[in-house]
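What follows is a short report on a single structure.
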Amino acid sequence: QVQLVESGGGLVQAGGSLRLSCAASRTIFSPNVMGWYRQAPGKQRELVATITSGGSTNYADSVKGRFTISRDNASHTVYLQMNSLKPEDTAVYYCTVVLVIRYWGQGTQVSVSS
């Protein structure tokens, strides 16, 4: 069992920045994929960004050029730097890690005001 603990959400004005962090509760072995999804009210959960244990990244088109995903394998932590935030980025952001099965964090709210 892996627990994922997220932090860093909050309220920010459009154009601002936030940095999300997600730490795994125990050692997670390679290969694995860590990432972020988000779910806005009334919408399905959608991919934001992923990063493999080797460092390969993948982004949703809607966040390319604005968000950067990174990870620290030594501390089993994944980060999401979000710049130039827009009101449409408002959602609950969920951390995830895929080992044999997928694990989810509890989610952290990101709200962007216009």
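The values are calculated or read from the model by the stated rules, or taken from the named source; none is laboratory data. Just so you know, these numbers come straight off a predicted model, no measurement behind them. Neighbour counts are summed over all protein chains in view; Cβ atoms, including those assigned to glycine, are modelled from backbone coordinates with ideal geometry. Ligands, DNA and RNA are excluded from the accessible area calculation, which covers all protein heavy atoms including side chains. Shrake-Rupley method; radii C 1.70, N 1.55, O 1.52, S 1.80 Å.
Points to keep in mind about this one:
- Rounded to the nearest 20, the size of the Cβ-charge dipole of the chain about its Cα centre is 60 debye, with Lys and Arg at +1 and Asp and Glu at -1.
- Size check on the chain: the Cα extents along the three principal axes, sorted descending, read 41, 25, 22 Å.
- Under-5 Å amide H pairs with Val33, H placed in peptide plane, nonlocal only: Val98
- Within the accessible surface of the chain, defined with a 1.4 Å probe on protein heavy atoms only, the carbon and sulfur portion equals 50 percent.
- For segment 1-49, chymotrypsin sites (Phe, Trp or Tyr not before Pro) are listed when DSSP marks them as loop and at most 13 other Cβ atoms sit within 10 Å of their Cβ; the list is Phe29.
- The length gained by stretching the chain between Ser53 and Leu99 to full extension, at 0.36 nm per residue less their Cα-Cα distance, is 15.5 nm.
- Taking the average, over residues, of other Cβ atoms within 10 Å as the packing measure, peptides 68-77, 82-91 rank 82-91, 68-77 from highest down.
- Once both labels are positioned 7 Å from their Cα atoms along Cα-to-Cβ, the gap between Lys43 and Ser113 label points is 2.1 nm.
- Per residue accessible area in Å² of segment 9-114, where ligands, DNA and RNA are left out and the probe is 1.4 Å: 51 Å²
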